[in-house]
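*Asks:* Take this structure first; my questions come after.
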Amino acid sequence: MAQLWGGRFTKETDALVKKFNDSLPFDQRLSAQDILGSVVHAAMLGKQGILSDEETERIIEGLGTIKADLESGKLQFSDAYEDIHSFVEAQLIKRIGETGKKLHTGRSRNDQVALDMKLYVRDEIQEMDALLKHFLTTILKVMEENLDTYMPGFTHLQKAQPVTLAHHFGAYFEMFRRDRERLSSISQRMDTCPLGSGALAGTTYPLDREFTAKELGFIRPSRNSMDGVSDRDYLIEFLSALSICQMHLSRFAEEMILWNSNEYRFVELDDAFSTGSSIMPQKKNPDIAELVRGKTGRVYGALTALLTTMKGIPLAYNKDMQEDKELSFDAIDTVKNCLRLFDGCVATMRFRKDVMAASARNGFTNATDAADYLVKKGVPFRDAHGIAGALVLRCIDKGCALDDLSLEEFRSYSDRFDQDIYDAISLKTCVEKRLTPGAPGRAAMERAVQEAREYLKES
Ligand code: ARG
């Protein structure tokens, strides 16, 4: 019998029950964390005189050989074992004999798994942060190179006012920057060590929980042992942060799909990041961006699933919590993959600056500026808005842009129009005069880019 709990049982577990109950097929991913937690637990037991120095040494050494053999592939996981905790303990006993049976003194799988998962999430947060930072660098590069790349800004997916590509990408820079901030605040909140909570009520052994917490890199032990074994808030927060990040990726992907379409032609995806059609030879499809958009569902799904799993669980540990693993692993893998892939997609795409500028020029994105021109000449804004609207209608009739109207035509709508109207509604003026902090005008964007550079240098 490979179970840890055979003593009070008289029958073998039903085969289907074992399969349904086991978590080793997926929690084997936690082997490094499980071994690390055990090493520190053993060191603490030794320090407290609960284990002799010799026992402690043998256990730590044994755990080290398991880790090495797993890493080299010499040791394989066997489905005889229920979970990663039983597997490692059984291996230890196999290797060092009776002493191995002392490792679990003053510990339960409940505080063990709570620790393993926290250590895992802590590492994953670091990795996510590095990927986000890399992506921000890619976005910043596009910003730096496109301070003068004019394009239409949209509301309701209708051309609204001219902006620059740097400004548009700058909005995404802010989103992914907030994603990093979210991760960092989750890291701070989850910085408590559950090890030493025991099954739920601590233990009668004189454990030094401060020691294990510090050794494992936590600020302090968790304050309540029942909460220690049953807290999955940090995981829900992480899945929530992942969902928000994936939502940002999905919006970005959606825009690049639109921009890459035959109708927009604002960008051209690199061949290495596109795919073809089995029937239509002319096709170059944005499958990567579509998959990034499509995978958003499974990330939200993980968050919803864990929230739902947790909502009815009485204190303290219940096996329902085992469900936190597969869905979290899937969501983490998915978001990391999407970040990597989409980063590559953005880094290699080609921007068609001429198409963007032409699109801004012929979409009446300067109509607000025509109205503002009249306001500066003393016309009340509401009247100016009406005049500019009538001018737009005229242009739609004629099939031209505002700048194509003659001065006489302008003046037939208002005698306040003068020759300087052409400069006032040129694309360049429309963008460059927008200098409020956060606006697309070059001077404002240069400050934003500089701030972004400093932020990436500092964190
Ligand atoms: N595989 C379990 C989990 O993932 C480990 C903890 C098991 N504890 C228990 N008392 N059955 O949650």
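The values are calculated or read from the model by the stated rules, or taken from the named source; none is laboratory data. Source: prediction; values computed, not measured. Using ideal geometry, Cβ is built from the backbone for each residue, glycine included, and neighbour counts are taken over all protein chains shown.
*Asks:* When both residues are 6+ apart or on different chains and their Cβ atoms are under 6 Å apart, which pairs have a first residue that lies in the stretch 221-250 and is within 14 Å of Glu124 (Cβ to Cβ), and a second that is basic (Lys, Arg)?
*Replies:* Going by the 6 Å Cβ cut-off, the qualifying pairs are Ala241/Arg182.
*Asks:* Starting from the stretch 316-331, take each residue that is free of Cβ contacts under 8 Å to residues at least 24 places away in the same chain and list its partners that are away from the ligand (no atom under 11 Å from the Cβ), counting only C-beta distances under 7 angstrom and pairs at least six apart or across chains.
*Replies:* Asp320/Thr309; Asp320/Ile313; Glu323/Thr309
Yes/no matrix, rows are residues, columns are (1) touching a strand residue (DSSP E or B) at 6+ places or on another chain (Cβ under 6 Å); (2) over 17 Å from Arg107 (Cα atoms); (3) among the hydroxyl-bearing types (Ser, Thr, Tyr):
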| residue | (1), (2), (3) |
| --- | --- |
| Leu16 | no, yes, no |
| Gln28 | no, yes, no |
| Leu36 | no, no, no |
| Thr56 | no, no, yes |
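*Asks:* Among the residues of the stretch 280-300, how many are of a type in the set (Val, Ile, Thr) and over 14 Å from Asp343 (Cα atoms)?
*Replies:* Counting residues in the stretch 280-300 that are of a type in the set (Val, Ile, Thr) and over 14 Å from Asp343 (Cα atoms) gives 2.
*Asks:* Exactly one condition in (1) surrounded by 19 or more Cβ atoms within 10 Å (Cβ to Cβ); (2) in contact with a strand residue (DSSP E or B) (Cβ under 8 Å, 6 or more places away or on another chain) is false for Leu374; which is it?
*Replies:* (2)
*Asks:* Let me spell it out: the conditions are (1) of a type outside the set (Val, Ile, Thr); (2) over 30 Å from Thr138 (Cβ atoms); (3) touching a strand residue (DSSP E or B) at 6+ places or on another chain (Cβ under 8 Å), and Lys428 meets all of them except one. Which number is the exception?
*Replies:* (2)
*Asks:* Separate question: Looking at Ile257, Ile236, which is the one that is among the aliphatic types (A, V, I, L, M), under 23 Å from the mean Cα position of the chain (by Cα) and over 24 Å from Ala130 (Cα atoms)?
*Replies:* None of the others qualify; the one that does is Ile257.
Yes or no, residue by residue, for (1) under 26 Å from Thr138 (Cα atoms); (2) touching a Leu at 6+ places or on another chain (Cβ under 8 Å); (3) at pLDDT 95 or above:
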residue: Leu249; (1), (2), (3): yes, yes, yes
residue: Met256; (1), (2), (3): yes, yes, yes
residue: Glu268; (1), (2), (3): yes, no, yes
residue: Ser277; (1), (2), (3): no, no, no
residue: Val292; (1), (2), (3): yes, yes, yes
residue: Gly297; (1), (2), (3): yes, no, yes
residue: Thr304; (1), (2), (3): no, no, yes
residue: Leu307; (1), (2), (3): no, no, yes
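*Asks:* Search the stretch 257-275 for residues that are of a type in the set (S, T, N, Q) and pair each with any residue that is crowded, with 19+ Cβ neighbours inside 10 Å and assigned to a loop (DSSP other than H, G, I, E, B) when their beta-carbon atoms are under 7 Å apart and the residues are at least 6 apart or on different chains.
*Replies:* Here the result reads Asn260/Leu269; Asn260/Pro286; Ser274/Pro286, each pair linking the stretch 257-275 to a residue that is crowded, with 19+ Cβ neighbours inside 10 Å and assigned to a loop (DSSP other than H, G, I, E, B).
*Asks:* Where in the stretch 366-459 are the helices (runs of 4 or more DSSP H), entirely inside, with at least 1 residues that are in contact with a His (Cβ under 7 Å, 6 or more places away or on another chain) and without any contact (Cβ under 8 Å) to a residue 60 or more places away in the chain?
*Replies:* Fully inside the stretch 366-459 and qualifying: 367-376.
*Asks:* With the condition kept exactly as written, say whether any residue in the stretch 27-40 is among the charged types (D, E, K, R) and modelled with pLDDT under 95.
*Replies:* No: the stretch 27-40 contains no residue that is among the charged types (D, E, K, R) and modelled with pLDDT under 95.
*Asks:* May I ask you to verify whether Gly49 is surrounded by fewer than 18 Cβ atoms within 10 Å (Cβ to Cβ) and of a type in the set (Gly, Ala, Ser)?
*Replies:* Here the answer is yes, as Gly49 does meet what is asked.
*Asks:* If you take the residues of the stretch 303-333 that are outside any helix (DSSP H, G or I) and within 13 Å of the ligand (Cβ to nearest atom), which of them is nearest to Ser243 (Cα to Cα)?
*Replies:* For the stretch 303-333, the residue satisfying everything is Ile313.
*Asks:* Across the stretch 92-138, what is the number of residues that are within 16 Å of the ligand (Cβ to nearest atom) and among the acidic types (Asp, Glu)?
*Replies:* Summing the residues that are within 16 Å of the ligand (Cβ to nearest atom) and among the acidic types (Asp, Glu) in the stretch 92-138 gives 2.
*Asks:* Next up: Considering the stretch 92-116 alone, what residues qualify as being in a helix (DSSP H, G or I), surrounded by 24 or more Cβ atoms within 10 Å (Cβ to Cβ) and not small (Gly, Ala, Ser)?
*Replies:* Once the filter is applied, which keeps residues that are in a helix (DSSP H, G or I), surrounded by 24 or more Cβ atoms within 10 Å (Cβ to Cβ) and not small (Gly, Ala, Ser), the stretch 92-116 yields Leu92, Asp111, Gln112, Val113, Leu115, Asp116.
*Asks:* Additional query: For the stretch 156-196, name all the residues that are in contact (Cβ under 8 Å) with a residue 60 or more places away in the chain and β-branched (Val, Ile, Thr).
*Replies:* Of everything in the stretch 156-196, those that are in contact (Cβ under 8 Å) with a residue 60 or more places away in the chain and β-branched (Val, Ile, Thr) turn out to be Val163, Thr164, Ile186.
*Asks:* Now a separate question. Quick check: is even one residue across the stretch 21-44 more than 23 Å from Ile60 (Cα to Cα), crowded, with 18+ Cβ neighbours inside 10 Å and of a type outside the set (D, E, K, R)?
*Replies:* yes
*Asks:* Any idea how many residues of the stretch 422-438 are over 18 Å from Gly363 (Cβ atoms) and surrounded by 17 or more Cβ atoms within 10 Å (Cβ to Cβ)?
*Replies:* Residues in the stretch 422-438 being over 18 Å from Gly363 (Cβ atoms) and surrounded by 17 or more Cβ atoms within 10 Å (Cβ to Cβ): 1 in total.
*Asks:* Also: Having 3 or more residues that are in contact (Cβ under 8 Å) with a residue 40 or more places away in the chain, within 39 Å of the chain's Cα centre (by Cα) and within 16 Å of the ligand (Cβ to nearest atom) is the bar; report the helices (runs of 4 or more DSSP H) wholly within the stretch 4-91 that clear it.
*Replies:* Fully inside the stretch 4-91 and qualifying: 24-27, 31-47.
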